[in-house]
Amino acid sequence: MASQLAASGWTVRVHERSTEVREIGAGIALGQNGVDAMRRLGAFERAIDGGVKVAYWSIEDQWQRTLHSEWLSTELYSIPRSSLQHALHVRARDLGVEVQTDSAVVGTREGRLLLEGGEELEADLVVGADGVNSRVRNSFVARGIRVKRLDLKVAGLRALIPRGPEDPTDHMLEWLAGKRRVGLLPLDGDRTAIYMFCPPQDARGRRIPVDVESWAESYPSLRSAFERVPHDSTWRDVVEIHCDTWVDGNVALLGDAAFGMAPNLGQGGCTALQAALSLSAKVADAADIPASLREWEGEERPHVDYVQKWSGRYSRMCSKTPGPALPVRSRVFGVLARSEKLNERFAGVEARLIDAQ
Ligand SMILES: Cc1cc2nc3c(=O)[nH]c(=O)nc-3n(C[C@H](O)[C@H](O)[C@H](O)COP(=O)(O)OP(=O)(O)OC[C@H]3O[C@@H](n4cnc5c(N)ncnc54)[C@H](O)[C@@H]3O)c2cc1C
């Protein structure tokens, strides 16, 4: 977003509260919309550094039944988060975006950005892309805009682990067992990315260091992967963010700040990238920024809402289905994964950037 606006001749400043642009994190799946966004930004090659193109993905249940598997006809990359962040940062810097670190935002007032030190900055456009605990969003709430923070009652852990001999090299695998869920994402070189989810009340499931015995009871074949999870990993509660509107005058919310979603379809970051590009295209030459922001929200929202809704449903099916209903869940998963209607709609969401402009 910052890069695109800078490329259109805007003067752009990013305020980042951390003391440096930290290139950290585990792995992330970049679906077709994320891939297209990064290509359009001219940052794709850097973003996939250390990642691999995923050829195939599958989901298995606790009875080792494959609920769905697919050779992919669209592009999907499994990449280190650090590469994505680095690529975005380098591109922004090359295009003249000023990145001010150690600069915490506390909110907005009448379209001006408020910084922690008390500074108040004028801007034609303010974008709050400050994550799921957004301070910019708090200013929306203070102005009477309704925001719902929905605790999905599931905790997630993601980490990079040393590659084991049985880890996937070009496919993404996910396993369901009871209310737990685990996935492995292949990376280039000597690492694999893992994600694990369980309900917050699953005390053994949420232990750190990971309770290998407990997780291996759910997934015997993944014991070695659990043994490799770093001891400083953390569990985070998963929340959904629902805002009545993402736009207030010349201020817009973007990404997790606006539409934080369950990380079940690998789309939180991708939809944020997609929405960022459409936002910058919409406002680049606009005479009336608030009107163009409203138009952007009107066009983008149905797609984002759809992805958020299904990510949430997937999350609930994984973390809330009671034991006796698990066989039914397996059947439902298979049916949903094969649903032409759902697949077409998702393909439509992912193809939006190709169609745009
Ligand atoms: C387990 C898990 C797996 C996931 N897997 C995927 C996946 O495979 N594919 C995918 O597309 N998405 C995935 N996601 C979702 C994705 O991580 C998020 O949707 C994405 O990171 C959101 O980006 P963002 O820029 O909106 O927020 P963030 O990534 O949270 O970035 C917010 C930035 O704002 C800064 N900031 C925060 N507060 C302030 C402040 N007050 N002042 C100044 N700066 C501030 C932060 O330091 C940070 O740099 C996953 C999420 C989880 C939890």
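Brief remarks on what is shown
- Here Gly164 does not fit the description of being in contact (Cβ under 8 Å) with a residue 12 or more places away in the chain and crowded, with 20+ Cβ neighbours inside 10 Å.
- Strands (runs of 3 or more DSSP E) contained entirely in the stretch 38-118, each with at least 1 residues that are touching a residue at least 40 places away in the same chain (Cβ under 8 Å) and surrounded by fewer than 20 Cβ atoms within 10 Å (Cβ to Cβ): 56-60, 66-71, 98-100, 112-115
- Per the conditions (1) within 10 Å of the ligand (Cβ to nearest atom); (2) over 28 Å from Asp188 (Cβ atoms), the sole criterion not satisfied by Arg65 is (1).
- Selection over the stretch 167-176 of residues that are among the charged types (D, E, K, R) and either within 15 Å of the ligand (Cβ to nearest atom) or part of a strand (DSSP E or B) (or both) gives a count of 1.
- For the stretch 144-162, the criterion of being farther than 22 Å from Gly266 by Cα and touching a Pro at 6+ places or on another chain (Cβ under 8 Å) is met by none of the residues.
- Considering each residue of the stretch 138-152 in turn, at least one proves to be away from the ligand (no atom under 14 Å from the Cβ), within 18 Å of the chain's Cα centre (by Cα) and under 24 Å from Gly312 (Cβ atoms).
- Condition check for Arg91: among the basic types (Lys, Arg), at pLDDT 95 or above, out of contact with any Phe, Trp or Tyr (no Cβ under 9 Å at 6 or more places or on another chain) and closer than 22 Å to Ala272 by Cβ: yes
- Considering residues of the stretch 297-318 that are surrounded by 20 or more Cβ atoms within 10 Å (Cβ to Cβ) and among the hydroxyl-bearing types (Ser, Thr, Tyr) only, the residue nearest to the chain's Cα centre (by Cα): Ser311
- Residue within the stretch 268-288 that is part of a helix (DSSP H, G or I), free of Cβ contacts under 8 Å to residues at least 12 places away in the same chain, more than 29 Å from Asp151 (Cβ to Cβ) and hydrophobic (A, V, I, L, M, F, W, C) present: no
- Matching residues in the stretch 177-196 - criterion: being assigned to a loop (DSSP other than H, G, I, E, B) and more than 14 Å from the ligand (Cβ to nearest atom): Gly178, Lys179, Asp188, Gly189, Asp190
- Candidates Arg17, Arg22: the one that is farther than 20 Å from Arg338 by Cα, in a loop (DSSP other than H, G, I, E, B), at pLDDT 90 or above and within 14 Å of the ligand (Cβ to nearest atom) is Arg17.
- Restricting Val182, Val127 to those that are crowded, with 18+ Cβ neighbours inside 10 Å, farther than 30 Å from Gln201 by Cα and among the β-branched types (Val, Ile, Thr) reduces the list to Val127.
For (1) aliphatic (A, V, I, L, M); (2) surrounded by fewer than 23 Cβ atoms within 10 Å (Cβ to Cβ); (3) farther than 15 Å from Glu299 by Cα, each residue gets a yes or a no:
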| site | (1), (2), (3) |
| --- | --- |
| Val239 | yes, yes, yes |
| Thr245 | no, yes, no |
| Met261 | yes, no, yes |
| Asn264 | no, no, yes |
| Ala275 | yes, no, no |
| Leu279 | yes, no, no |
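- Of all residues in the stretch 94-128 being touching a strand residue (DSSP E or B) at 6+ places or on another chain (Cβ under 8 Å), among the aliphatic types (A, V, I, L, M) and under 23 Å from Trp296 (Cβ atoms), the one that is farthest from the ligand (Cβ to nearest atom): Leu125
- For Ala257, the test of being among the hydrophobic types (A, V, I, L, M, F, W, C), within 14 Å of the ligand (Cβ to nearest atom) and either within 19 Å of Ser311 (Cβ to Cβ) or at pLDDT 95 or above (or both) is passed.
- Considered as a group, the residues in the stretch 130-147 that are hydrophobic (A, V, I, L, M, F, W, C) and free of Cβ contacts under 8 Å to residues at least 40 places away in the same chain include one that is surrounded by the fewest Cβ atoms within 10 Å (Cβ to Cβ), and that residue is Ala142.
The values are calculated or read from the model by the stated rules, or taken from the named source; none is laboratory data. Bear in mind the structure is a predicted one, so any value in this text is a computation, not a measurement. Quick reminder, even Gly has a Cβ in these numbers, built from the backbone with ideal geometry, and neighbours come from all protein chains shown.
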